[in-house]
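Take a look at the structure set out below.
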Amino acid sequence: MRTGLWLLIVAALLVAPASAYAPPSPWQLGDPIVLPFKSPDDAPVRSASSGPAHGTALIVGERVHYADAAGRWHAFGIPDARDVGLARLENGGGLVTWGDGRTQFVRTWTHDGVLAPAQAVMPTSDSFTVTLTYDEAGTVVIVAVHPRVVVAVRDPGGAFGAAQDLGPISDEGLFTFFADIKDGAPDLSWEGHRLVRPGPGAAFIRAPLEAPDDTVIAADDSRRVPIGPAVRKACKEGCVYVRLFTWPDGTARLLYRTGREDHDDWRVALPGADGVFDGDRVATRLAATEPVWTARPGVVAFARQAHPGVALVPYGEAPRSKPRVRVLRSHVEGSRLLVYVLCTATCRLSVDGARIYEDGGFSASTAPLRRALEPFEVVRVSLPRPRGGSARLPYTLRDVQGTAKRGALRVRLKR
């Protein structure tokens, strides 16, 4: 009964018809939904994939979790995985790639959840950087770069062909390498080189270099997105994570991250009347989270650790649940007691006689935190070490409406 209830709740967020919802509030994080599968408390959400015709797929630690057309979740392991990535395939299918330092593998599944055996697509080594690019038709390109460029391509409906060695690449070339798919044709460029594959099964050939165009950005599925000045400024040195989410009613959201430490939160841009996406509004400050599509137009959800498990936190609707404080762990460090806590919904937290800092694997800061906490954002409470073997820490908790609640945290002191 409990599993069935969870399936209904998650399905309501991911696949329910848009008419079932009231208009969303566009700039808030809503009530999180904890997904119905277990994962280690320290397993990060490493990658995500989703879309209108595809179930959500997540890489959590060393396991892949994916939902089929009926909303049932499936999982399999990818032990010691590195260089991971997800792609959406034709007919609602999905693909994951991962490496073990010697070989790069792929595994696919259908819209109904049927899982295919793993396939080795190319040899690699610890020195290679592996990237994955795909398009909406189901073309997938996996490239291993440095000290050589090695590429394997899957055409829609088929399997990966034999890997092709395209030659050496320098250290400088590694930082200028770019893989793309244009009208179904894989297109690779780096340091004065450009190679394209003109058709299915063909070899890569040299092509003229193209002038850079900073008015357009490529999303993770190779769709071209026209961008305005705010996005161009943020992505001046490149945005390593770009996600375009669209809905049948024409609603669209562009989510992006620069990958820079000083600007690594997820930001959102909206399309104007001219179709150009612009905006630099922070959607979430937690970099260790992955956006996924939901059935509600304009609402994306961020998949993140829930300590334990994984939760989807909608962005674009008002929260309704009351936050609760949860203690994760504590220890003594010198003369300070450090307590790591989170809120189960958006909150403002103050602890008597203590300072609160960003921490817990999402981010870290030496400045006290003065903003609201996001759902499942881990923070560090620091206060003078109390006497005795336990401590009672009175706190004030406020929800998004400003309603205050007093309580107390109880912790045991550990070195």
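Since every read-out is calculated from the coordinates, none of them should be taken as a lab result. These figures come from a predicted structure and were not determined experimentally. Cβ coordinates were reconstructed from backbone atoms using ideal geometry, including for glycine residues, and neighbour counts include every protein chain displayed.
Cβ crowding within 10 Å, taken as a proxy for footprinting-reagent exposure, orders Phe76, Phe128 from fewest neighbours to most as Phe76, Phe128. Computed extension gain for Ser335 through Asp352, at 0.36 nm per residue and net of the alpha carbon distance, reaches 4.4 nm. For the pair Asp112 and Gln28, label points projected 7 Å from Cα toward Cβ lie 4.2 nm apart. Report summary: the helix-based calculation at 222 nm, which adds -39500 (n - 2.57) for every DSSP H run with n ≥ 4 and divides by the residues of the chain, gives -1500 deg cm²/dmol. Highest mean packing comes first when the peptides 29-35, 115-121, 153-159 are listed by Cβ atoms within 10 Å, giving 29-35, 153-159, 115-121. Taking other Cβ atoms within 10 Å as a rough exposure proxy, Val282, Val379, Val310, Val225 sort from fewest to most as Val282, Val225, Val379, Val310. In plain terms, the residue of Cys343, Cys239 with the fewest other Cβ atoms within 10 Å comes first and the most crowded comes last, giving Cys239, Cys343.
Would you mind pulling out the separation of the Cα centroids of the range 291-331 and the range 23-90, in Å? A separation of 13 Å, based on Cα centres.
In order along the range 243-250, phi translates into HN-Hα couplings of 10, 10, 10, 10, 10, x, 7, x Hz, rounded to whole numbers, per the Karplus curve 6.51 cos²θ - 1.76 cosθ + 1.60 with θ = phi - 60° and x for Gly and Pro. Choose one answer from Pro79, Pro212, Pro248: the residue with the largest mean-square fluctuation in a GNM of the chain with alpha-carbon springs under 10 Å. Highest fluctuation among the options: Pro212.
Summary: within the chain, the longest segment free of GluC sites (Glu not before Pro) located in DSSP loops with at most 11 other C-beta atoms within 10 Å is 1-209. Using 0.36 nm per residue and subtracting the Cα-Cα separation, the extra length available between Ala207 and Ala367 on full extension is 52.5 nm.
Sorting 227-233, 165-171, 400-406 by their mean Cβ neighbour count within 10 Å, with the most densely packed peptide first, gives 227-233, 165-171, 400-406. Between the range 234-279 and the range 365-415, the C-alpha centres lie 34 angstrom from each other. Compared with the alpha-carbon gap, the fully stretched path from Arg223 to Asp80 is longer by 48.3 nm at 0.36 nm per residue.
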